[in-house]
1. Restricting to the range 39-52, name every residue that is open to solvent by 60 Å² or more (accessible area, probe 1.4 Å) and in contact (Cβ under 8 Å) with a residue 12 or more places away in the chain.
2. Out of contact with any strand residue (DSSP E or B) (no Cβ under 9 Å at 6 or more places or on another chain), touching a residue at least 40 places away in the same chain (Cβ under 8 Å), of a type outside the set (Asp, Glu) and surrounded by 14 or more Cβ atoms within 10 Å (Cβ to Cβ) - does that describe any residue in the range 125-132?
3. Go through the range 136-150 and report how many residues are open to solvent by less than 30 Å² (accessible area, probe 1.4 Å) and not aliphatic (A, V, I, L, M).
4. Go through the residues of the range 159-172 one by one and say whether even a single one is assigned to a helix (DSSP H, G or I), modelled with pLDDT of 90 or more and within 24 Å of Asp34 (Cβ to Cβ).
5. If the Cβ limit is 7 Å and pairs must be 6+ apart or interchain, which residue in the range 62-85 that is free of Cβ contacts under 8 Å to residues at least 24 places away in the same chain pairs with which residue that is in a strand (DSSP E or B) and charged (D, E, K, R)?
6. Which number in (1) surrounded by 15 or more Cβ atoms within 10 Å (Cβ to Cβ); (2) among the charged types (D, E, K, R); (3) assigned to a loop (DSSP other than H, G, I, E, B) marks the one condition that Glu111 misses?
7. Out of Ala198, Ala176, Ala139, I need the residue that is at pLDDT below 90 and under 20 Å from the mean Cα position of the chain (by Cα). Which one?
Amino acid sequence: MVKRHGVRIEPAEIEAALIADPLISSAIVQPRQDPKGEIRLVAYIVSSGAAEPDQAQIRANLSQRLPYSMIPDVLVGLPDLPLTPNGKRDLKALPDPIWPDEQAAGFAPAETKTEQQVAAIWARLLGKENVSVQEDFFAAGGDSIKSIKLAARAQDLGLPLEAADVFINRTIAAIARHLDHTGVSRADKDRLKAISKAAALEHAQGLFDPELLAKAAQLVTYDQSDS
């Protein structure tokens with residue numbers, strides 16, 4: 001069991017959810033420390049088909065089965081899971097992941113209107129002067145509360161972004177692509193509600209339980225503030 005952002009997470013639950021996805025035949029989930037010293041969830045997956053499945057699609061599928069705090073930070077595709085001579089899973093033989101900030105090939109500025117809008121909010125929330133459209137929101141310093149504020153401020157600009165979308169599409173580029181190809185449907189709004197006014201008040205008073213956030217983030221609307 002792993003405690004992450006105040007939430008207790010059982011990797012076996014995530015593995016079960018991954019294997020339930022028809023795109024994946026087997027999986028191992030391990031906590032790994034990134035270069036910044038943060039504990040990240042890494043999922044090693046074996047595709048059920050010839051082609052490696054789309055990572056955004058895997059995260060979207062997982063979001064239907066798990067709280068967003070349990071969605072892995074990094075997905076690593078493997079041809080097969082490593083095994084010991086006795087046929088057990090060989091965790092020591094798992095390769096080191098390429099962390100999101102290492103995957104981005106240099107600085108990529110926002111180009112489209114949607115990218116520029118999201119980037120402006122992103123930079124303000126994370127206290128950064130310049131942001132790359134390929135950087136990972138959570139690797140760059142984001143968290144559950146900030147993802148909710150990002151979504152709320154995007155909605156003020158008329159962008160149909162929800163906190164759930166930030167967990168699934170973790171870069172500015174991916175979020176912009178999602179927004180440019182999605183509509184504002186009542187079903188989507190009902191499915192992707194973020195957090196209740198009561199929970200927001202508890203957070204402001206320092207009483208909010210992070211584990212409650214992971215559950216509440218899927219249910220009710222957040223009344224955002226800049227504080």
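1. Within the range 39-52, Ile39, Ser48, Glu52 meet the criteria.
2. Yes.
3. 6
4. Looking for residues that are assigned to a helix (DSSP H, G or I), modelled with pLDDT of 90 or more and within 24 Å of Asp34 (Cβ to Cβ), one finds at least one in the range 159-172, hence yes.
5. Close Cβ pairs satisfying both conditions: Leu83/Arg89.
6. Only one criterion is unmet by Glu111, namely (1).
7. None of the other options fit; the residue is Ala139.
The values are calculated or read from the model by the stated rules, or taken from the named source; none is laboratory data. This structure is a prediction, so every number in the text was calculated from the model and none was measured. Quick reminder, even Gly has a Cβ in these numbers, built from the backbone with ideal geometry, and neighbours come from all protein chains shown. Side chains included, ligands, DNA and RNA excluded: accessible areas come from the protein's heavy atoms. Shrake-Rupley method; radii C 1.70, N 1.55, O 1.52, S 1.80 Å.
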